[in-house]
Amino acid sequence: KRAVVFISGGGSNMVALARAAQTPGYPVEIVGVIADKADAGGLEKAASMGIPTFAFQRGDFDSKAAHERAILTCLEGLTPDLLCLAGYMRLLSADFIRHYEGRILNIHPSLLPLFPGLHTHQRAIDAGMTEAGCTVHVVTEGMDEGPVLAQARVPVLPGDTAETLAARVLVEEHKLYPATLRAFAEDLV
Ligand code: GRF
């Protein structure tokens, strides 16, 4: 299966997926990395791994629709079976999602349905949670709402800050996403 990974920043989840995809027998090939920011750190990391990269700076387009149209045109050339959002900080429109219905995955740093949206770790701490984690789900029109495919849990420790909790969750993200993508791709077979 061919997958394109979407990033907005450092792309550590993209790197985890790309590394997994390089292992023999892994059922997915990462055929491109798309960023909505030309300075996304993950673009260089992807390029150094030999993966084609494409930046679509939102500000270069006069509308969300134009921005998405440019990305969809790029995807037509890459012919992906799957899209993997990985630290992609932009909502996809229902129209965009319809082009890849049921074939867009996302990783979110909380145990959905708890804490959709941003600042998930601080919110978990503020809520007095003793457990946190991450979720891989299928992307639907609503934000962080689609069917959950897999989750990983970590303890929230006394004295945790958003940063210490984020670091603990990120370790799990880098394991959960490659494992879940593999399982999802195999089911598609
Ligand atoms: C991670 O916490 C991920 O769960 C969220 O964005 C953060 C950064 O991801 N979606 P990455 O390092 O850019 O992959």
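The values are calculated or read from the model by the stated rules, or taken from the named source; none is laboratory data. The shown structure was predicted, so the numbers you read here are calculated from the model rather than taken from an experiment. Here the Cβ is made from the backbone with ideal geometry for all residues, glycine too, and neighbour counts use every protein chain on show. Note: areas computed on protein heavy atoms with side chains; ligands, DNA, RNA excluded. Shrake-Rupley method; radii C 1.70, N 1.55, O 1.52, S 1.80 Å.
One residue stands out in segment 89-116 among those that are open to solvent by less than 20 Å² (accessible area, probe 1.4 Å) and within 11 Å of the ligand (Cβ to nearest atom): the one that is farthest from the chain's Cα centre (by Cα), namely 110.
Selection within segment 67-87: residues that are open to solvent by 20 Å² or more (accessible area, probe 1.4 Å) and either under 16 Å from the mean Cα position of the chain (by Cα) or within 16 Å of the ligand (Cβ to nearest atom) (or both). The member of this set that is nearest to residue 17 (Cα to Cα) is 87.
Within segment 151-162, the set of residues being in contact (Cβ under 8 Å) with a residue 24 or more places away in the chain and open to solvent by 30 Å² or more (accessible area, probe 1.4 Å) comprises 151, 153, 155, 161. If you go through segment 12-29 and keep only what is open to solvent by 10 Å² or more (accessible area, probe 1.4 Å), small (Gly, Ala, Ser) and within 13 Å of the ligand (Cβ to nearest atom), you end up with 12, 16. Can you name the residue in segment 126-150 that is in contact with a strand residue (DSSP E or B) (Cβ under 8 Å, 6 or more places away or on another chain) and of a type in the set (A, V, I, L, M) and, of all such residues, is surrounded by the fewest Cβ atoms within 10 Å (Cβ to Cβ)? So the residue we want is 148.
For (1) closer than 18 Å to residue 20 by Cβ; (2) in contact (Cβ under 8 Å) with a residue 60 or more places away in the chain, each residue gets a yes or a no:
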position: 122; (1), (2): no, no
position: 139; (1), (2): no, no
position: 149; (1), (2): yes, no
position: 164; (1), (2): no, no
position: 171; (1), (2): yes, no
position: 178; (1), (2): yes, yes
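So is residue 59 closer than 25 Å to residue 116 by Cα and open to solvent by 20 Å² or more (accessible area, probe 1.4 Å) or not? Spelling it out, it is not the case that residue 59 is closer than 25 Å to residue 116 by Cα and open to solvent by 20 Å² or more (accessible area, probe 1.4 Å).
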